[in-house]
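Report on the following structure.
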Amino acid sequence: FPPDCNPVGAAGYGKFYTMGSQSYTTAAATLTPGVAGAGHDHDEVLHEWTVADPSAATFIPANAAQPFREVLRIQRPNSNHNAGYLSFNPTAGNGSDRGNLYFGTGDSGGGGDPLGLSQMLGKAYGSILRINPLAPAATDPQASANGQYSIPADNPYYMGTAAFLPEKYAGGFRNPQRFTWDLSTGRLFIADIGQNTVEEIDLGQAGANYGWNQREGSYVVAGSGIGANARDDAATTGYTYPIAEYFHYGSIGNAVTAGVVYRGSGVPGLYGRLIFSDFVTGTPYTLDSDHIPPGGGQGPITELRLRSGGVEMTFLAMIQQVNASAARADLRYGTDIEGNVYFLDKQDGVIRRLVQAAGSGAHPPFFTGEAVLGSGAYYLQLPDGNPFGYYAYLTDPRYVYHFDLGYEYLFDAADGSSGVYLYDFTSGTFFYTSPTFPFPYLYDFSLGSPVYYYPDPSNPGRYNTNGVRYFYVFSTGQVITK
């Protein structure tokens, strides 16, 4: 719905927009691959609908003979990676972005973007597009080629050469199916679904190239998998790397979806955190959106533990209480004017609201540790009485690892054997694992310069005033209710 859908006499009065797939492919597409070998599986079509009365409880078209107008049509070479979420910027106010519609488009489909369209600045694929969908005047210099919408003058490639697509806001995505704005800061967060290895959260920036199909997250694409981490090459490649990413491992990583930046008052421990999840499993994660490391660094991901009826369980387990045959969650998020967060899924017809669990919140830290430099390598300095001795060796001086998947309290500590000790509060025991690097659960936090200062060191991965990272292990159990 456009921001002026309701005021009588406004340009957007009574209008709303939908994006859908059509198998009918004889109509001329507005945006096409335009490269050799491109097929035409179907079209993605953006429609504008106009209702007679926006306040009516049912849809009554203003013109029954022609209830919709076709705004644009995108030719899809393959059956997958279709257009996803579309939204007007809810933070635009009366500024220049008011009335501009954002929507994501997947790459050329198949596997690995075989046509390479996501790295072509003149193509609509693997992109976030931004247009003003209202029908422009015939004399409007910003009118699209098909005359059905207009191009915002501050789009990064507006009035560029033929090699640039003026509708493109950002590119280099694989499948940016969902995105969300922080209503407090105006930041745009994009969930880009990975292929075989990495799921990522990106900070939306006009004109940015997020690297696919040369990068999956911050890793070099190597055949059907990944190679080395390439985050340090951003200055030479021009790629913009994720602010958070996680790996596929068993059932843990499938397809990322976002999300809501929590600005409500009911769950204080979540304030300012981006809530997102793995779409298939429904496992929710959070990221501190107010303290994203500067200079292209990544923030720590924390799993949001859920309870229902006083019992901790996964979101999929909640669904299975209603629909025992459900094998996946297909989680989506919603919010309301008071900032409450709602969990929606395709499996059980239930809408659930996230609320604070009695007695939950950040626990006092079990261990804290300081990253220090000694004998040419970084060590994690731990308090007396810990089971590892006074120092624990960090195998890579640039990174330390935080693990928070599957265990409520986890602890960073790699010894010289390249393994990691984890603490399970359920059993009250430590255990040791020796993963193949890079560990599938890892979230990396750079220890480089410049020195960063975050005033509240109560979460994993924040820095103190000396630039030394302190580690806190804690839990934020929440409850979800129908």
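The values are calculated or read from the model by the stated rules, or taken from the named source; none is laboratory data. Predicted model, so just to flag it, every value in this text is computed and none were measured. Positions of Cβ are generated from backbone atoms using ideal geometry, with glycine treated the same way; all protein chains shown enter the neighbour counts. Areas reflect the complete protein model, heavy atoms only, side chains present, ligands, DNA and RNA absent. Shrake-Rupley method; radii C 1.70, N 1.55, O 1.52, S 1.80 Å.
Annotations
- Test: residue 228 is out of contact with any Gly (no Cβ under 6 Å at 6 or more places or on another chain) and closer than 26 Å to residue 353 by Cβ: no
- Of all the criteria given as (1) farther than 22 Å from residue 46 by Cβ; (2) over 24 Å from the mean Cα position of the chain (by Cα), the one not satisfied by residue 194 is (2).
- Unmet criterion (only one of (1) modelled with pLDDT under 95; (2) within 27 Å of residue 153 (Cβ to Cβ); (3) of a type in the set (Ser, Thr, Tyr)) for residue 87: (1)
- Residue satisfying all of: in region 181-204; aliphatic (A, V, I, L, M) and assigned to a loop (DSSP other than H, G, I, E, B); surrounded by the most Cβ atoms within 10 Å (Cβ to Cβ) among these: 193
- Lone unmet requirement of (1) in a loop (DSSP other than H, G, I, E, B); (2) under 23 Å from residue 19 (Cα atoms) for residue 164: (2)
- Identity of the residue in region 219-241, surrounded by fewer than 24 Cβ atoms within 10 Å (Cβ to Cβ) and in a loop (DSSP other than H, G, I, E, B), that ends up modelled with the lowest pLDDT: 224
- When residues in region 205-215 are screened for being over 11 Å from residue 241 (Cβ atoms) and either open to solvent by 50 Å² or more (accessible area, probe 1.4 Å) or in a strand (DSSP E or B) (or both), 3 of them pass.
- Qualifying residue in region 152-163 (condition: closer than 28 Å to residue 219 by Cβ, modelled with pLDDT under 95, open to solvent by less than 60 Å² (accessible area, probe 1.4 Å) and out of contact with any helix residue (DSSP H, G or I) (no Cβ under 6 Å at 6 or more places or on another chain)): yes
- The condition (being without any contact (Cβ under 8 Å) to a residue 40 or more places away in the chain, closer than 30 Å to residue 280 by Cβ, in contact with a strand residue (DSSP E or B) (Cβ under 8 Å, 6 or more places away or on another chain) and not hydrophobic (A, V, I, L, M, F, W, C)) is satisfied by just one residue among 130, 178, 187, 174: 130.
- Scope region 22-48; condition open to solvent by 60 Å² or more (accessible area, probe 1.4 Å), over 16 Å from residue 144 (Cβ atoms) and either in a strand (DSSP E or B) or of a type in the set (A, V, I, L, M) (or both); matching residues: 36
- Within region 94-121, tally of residues that are assigned to a loop (DSSP other than H, G, I, E, B) and over 21 Å from residue 39 (Cβ atoms): 8
- Region 122-161, residues that are of a type in the set (Val, Ile, Thr), in a loop (DSSP other than H, G, I, E, B) and touching a Ser or Thr at 6+ places or on another chain (Cβ under 9 Å): 151
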